[in-house]
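Take a look at the structure below.
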Amino acid sequence: MPPDAQRVPWRWLAAGRASRRLVLVVVFVALLLDNMLLTVVVPIVPTFLYATEYEGANRSLAPAWTEPAPPALKPPFSSVFSYFDNTTVTVSASGSPSTSELVNRTERSPPPQPPTSSPPPASGCLEGEEFLAKENVRVGLLFASKALVQLVVNPSVGLLTNRIGYHIPMFIGFVIMFLSTVMFAFSGTYTLLFIARALQGIGSSFSSVAGLGMLASVYTDDFERGNAMGIALGGLALGVLIGAPFGSVMYELVGKSSPFLVLAFLALLDGALQLCILQPSKISPESARGTPVFTLLRDPYILVAAGALCFSNMGVAMLEPTLPIWMMQTMCSPKWQLGMAFLPASVSYLIGTNLFGILANKMGRWLCSLIGMAMVGISLLCVPLAKNIYGLIGPNGGLGFAIGMVDSSMMPIMGYLVDLRHTSVYGNVYAIADVAFCMGFAVGPSTGGAIVRALGFPWLMVIVGVINIIYAPLCWYLRNPPAREEKIAILSQECPMQTKCYTTQNTLREFPLADDSDVEAESVE
């Protein structure tokens, strides 16, 4: 083989590592798998726990009233009729009675009847109202465990990306996510499912913080960054879109382990893609020291943006554990409908993130977020009005579209605020953004189950809906955030005609995914 032919794959690989689009593909796939695993358990866990714990316990407590199998060899029997008490006595060959059959004695001593369980409700809904009420709390804690762990790990991952770059944390996230998926497939108890969910939180922290920080570092233009974030969040939306319906259908037709094994195979493909593109063995620290997390947390504009992410996503986070159980109680829904109920929200979220990734920059991201949060509140208030699964299409569709508006606006704003007011290093700020997500998905399920048990599902929707409507006007403060004085000087020198134009502090910064040799070759050319 000629030398040029041997170099073609290496040239393609080097070109791929220097391509921003392939970086976007890697982040897209990572967010897709993370959120498929996030939502695939939503329709599976409530019905799986009900089948294994409630029905299994009742089945083990019920006495066996099945007739014993007849012996293989029957001894000769003879029957003797007694005119004294109108009974027929079966006598074995040895002369001793073995069994007695009652004839015409029903009025004297009726035969004992086995205890029967209470008849099912006329509507066909599941039994065990008290068990389902308690299950709201347990399922909520299970779902919240992922976000709680992610909440703790995120700041450490942000510091780690500042020191060693984004490549290695991204690959660590893949490895942990794969282990969590396999553990979900073979877990048969609540405790093991809880551990698998918490392990997923660690992997998700590495993947999301490193992935979003990587995108912000390679897309430095505000408009391009908004488009890239919209596409990446489209991967998140697609994962949410596919996860719940995919999990409910596979669980109904094949079994509990099947959807997780499929996700584990897709995770292996994502790991192979990361090995080719991201060079996970390469340490590439940031050229500038990032702003500390606690300094960013004292910035009121970052806090407003983080709060919008938290409260808007808290609504769907509360729906995940409580809506399937509410449907089981009030709508008597079969298994496949428990996941399909989230389909309108997922489809509209996918449309919203891609549409407003572009439109939000034109109409104003603050206005897009304000309208989105108000729509979130109104949609949540309409959810309890549904009488069947078709009544959930409108509220859930509006909810997903509104959350897509908020997410596609606030994620670029977080990067813009760092460029405008702090050092242009993005690991810590996207760790804060991910913490905001996690706060919503931790507080939502954990408190939602308790509120449902105390006040009921409709009041839960009213509470979280009103919170979103009240918080929405705060987005107005993001309309024109002030820059630091040294940043104003940089902006006035480099972008005198554009108030929203900015550059990173190191204008000749090396592309984070390219080899040193590639950069030197480009400079020579």
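The values are calculated or read from the model by the stated rules, or taken from the named source; none is laboratory data. Predicted model, so just to flag it, every value in this text is computed and none were measured. Virtual Cβ from ideal backbone geometry, glycine too; neighbours counted across all protein chains shown. To get the accessible areas, we keep the full protein, side chains included, count just its heavy atoms, and leave off ligands, DNA and RNA. Shrake-Rupley method; radii C 1.70, N 1.55, O 1.52, S 1.80 Å.
Sequentially through the stretch 153-167, phi angles give Karplus couplings (6.51, -1.76, 1.60; θ = phi - 60°) of 7, 3, x, 5, 5, x, 5, 5, 5, 5, 8, 10, x, 9, 5 Hz, Gly and Pro residues having no value and appearing as x.
Maximal additional length on extending the Ile358-Thr295 stretch stands at 19.7 nm, based on 0.36 nm per residue less the C-alpha distance. Residue pairs exceeding 24 angstrom between C-alpha atoms, taken from Lys256/Lys335; Lys146/Lys256; Lys146/Lys387: Lys146/Lys387.
Between rounded, prolate and oblate, where does the stretch 303-381 land on the alpha carbon gyration tensor, with a ≥ b ≥ c its root eigenvalues, rounded for a/c under 1.5, else prolate if a/b exceeds b/c? Prolate shape, in that a/c is at least 1.5 and a/b is the bigger ratio. Inter-part distance, the stretch 139-175 to the stretch 382-456, computed on C-alpha centroids, equals 18 Å. Counting protein heavy atoms only, the stretch 335-491 has 73 percent of its accessible area on carbon and sulfur, 1.4 angstrom probe.
Is the shape of the stretch 152-213 best called rounded, prolate or oblate, per the rule: a/c under 1.5 gives rounded, else a/b larger than b/c gives prolate, else oblate, with a ≥ b ≥ c the square roots of the Cα gyration tensor eigenvalues? Taking the square roots of the gyration eigenvalues as a ≥ b ≥ c, the stretch 152-213 is prolate. Farthest towards the positive end of the charge dipole of the stretch 283-392, among the residues Thr330, Cys368, Ile302, is the Cα of Cys368, using unit charges on the Cβ of Lys, Arg, Asp and Glu.
When a/c is below 1.5 the answer is rounded, else prolate if a/b is larger than b/c, else oblate, so apply that to the stretch 359-456 with a ≥ b ≥ c taken from the square roots of the Cα gyration tensor eigenvalues. Because a/c hits 1.5 or more and a/b fails to exceed b/c, the stretch 359-456 counts as oblate.
A full extension of the chain between Tyr390 and Thr189 corresponds to an added length of 69.1 nm, given 0.36 nm per residue minus the alpha carbon distance. Close amide H contacts of Gly364 (hydrogens built in the peptide plane, cut-off under 5 Å, sequence separation of 5 or more or a different chain): none are found.
Give, in nm to one decimal, the length gained when the segment between Leu159 and Ile463 is fully stretched (0.36 nm per residue of separation minus the Cα-Cα distance). In short, 105.9 nm is gained. The mean sequence separation of alpha-carbon pairs under 8 Å and at least six residues apart, normalised by the residue count of the stretch 128-222, gives a relative contact order of 40 percent. Computed over the stretch 170-281, relative contact order equals 38 percent, with contacts defined as Cα pairs under 8 Å that lie 6+ residues apart.
Listed values for the stretch 200-209 are Karplus-derived 3J(HN,Hα) couplings in whole Hz (6.51 cos²θ - 1.76 cosθ + 1.60, θ = phi - 60°), namely 4, x, 5, x, 5, 4, 5, 5, 6, 5, and x replaces Gly and Pro.
When peptides 293-303, 255-265, 370-380, 158-168 are ranked by their average number of other Cβ atoms within 10 Å per residue, the highest-first order is 370-380, 158-168, 255-265, 293-303.
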